[in-house]
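These notes concern the structure reproduced below.
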Amino acid sequence: MADQRKNRALLIVNYDFYRSPDGLSARPGAVKEADRLFKALSDCNYAVQLHYDLTAEEIQELYEKECNADHGDYFVSILSSHGEEGIIFDCEGQPVMLTQIFEALSLPRSHKLAGKPKIFFIQACRGNEIDPGVWLQTDSGEPQTDCFSHYLSIPEDTAVMFACSPGYAAFINRWESMFLKALLELLEGENRQLELTRLMTWINWKVALHFEAKGKHSGGKEMPCFVTNMVKEVYPFSSQRRLSSRH
C-alpha cells in the first residue's frame, strides 16, 4: 500500500494586508479557518503545508517546489485572500494571476504531478457585485469582463472550485467564510467519502440553500461554482483511498 501521508496539501492564507497601498482590509476569520483546515486535511491523511501572508514571488515559489516534490495520489491546494476575477492578491496587495499558478503545475514543468488529480479551493472575490451579500468585509475587487481565460489554462486532471460566481463577492466575517465553512463541514463529516464532483455539488447545495446573510444585506446568498477537466472519478478525501477509471 502506498504511503497515505504522501498526498500533499498546500494552504496559502493572506489575512494581514498592512503593506497594501490600496488599504485592503484584514481578514481575521481566515486565520481561524486555516487551523481547522490544517487539522481536517491532516486527518484525511494529507501532509499539509500552511503559509500565511505571502508575497506574489513567495506564492509562485511554493507552487514551483510542488513540481519537484514526491506526491501520492492527490494534490490539494486552498487559497484564501482578497481577489478579482482570475486574480488573488498577495499580502502586499499585488495581483497573482491564477493562470501563473496553474501553468506552474502543468507539463512540461511538472512531470511529478502528471496524471495526478490536482484540486483547488479558492476563497476570494471574483468581482464586487453583491447578491445581495451579508454585512461583512468582502474579499473584494473590480469585476472583470474576461471570465474564461484562466479556465483554459488549468492543467490536465484538475478541478478548481471558487467560493462565488464570476463578478460576485465572496464573504468572510471575523470567524469564518461561507465557502470554507461548508468545505470544513464536509471534511469533518461522512460526506468526505464522496466522489469529487458530488462533493463539490454538495458544497454548492450547502452554501446556496443553507447559508444566508445577516446584518446590512440580510437574506443575501452566495453561489460557489467549479470547473473540472478530469476524465475519471476520484475520491480525494475518502478513507478507502479510491481512484477509479470513468465508467
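The values are calculated or read from the model by the stated rules, or taken from the named source; none is laboratory data. Worth saying up front: this structure is predicted, and the values here are computed from it rather than measured. In case anyone asks, the SASA skips ligands and DNA or RNA and just uses the protein heavy atoms, side chains included. Shrake-Rupley method; radii C 1.70, N 1.55, O 1.52, S 1.80 Å.
The figures follow:
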quantity: Whole-number accessible area per residue in Å² for the range 35-114, which is evaluated in the context of all protein chains at 1.4 Å; calculated: 39 Å²
quantity: Share, in percent, of DSSP beta bridges within the range 1-124 that are antiparallel, nearest 5; calculated: 20 percent
quantity: Hz values of 3J(HN,Hα) by residue in the range 79-84 - Karplus curve (6.51, -1.76, 1.60), Gly and Pro given as x; calculated: 10, 10, 6, 6, x, 9
quantity: Calculated over the range 19-77: convex hull of Cα atoms, volume per residue (Å³); calculated: 86 Å³
quantity: Cut-off under 5 Å, modelled amide H: who pairs with GLU156 long-range; calculated: LEU107
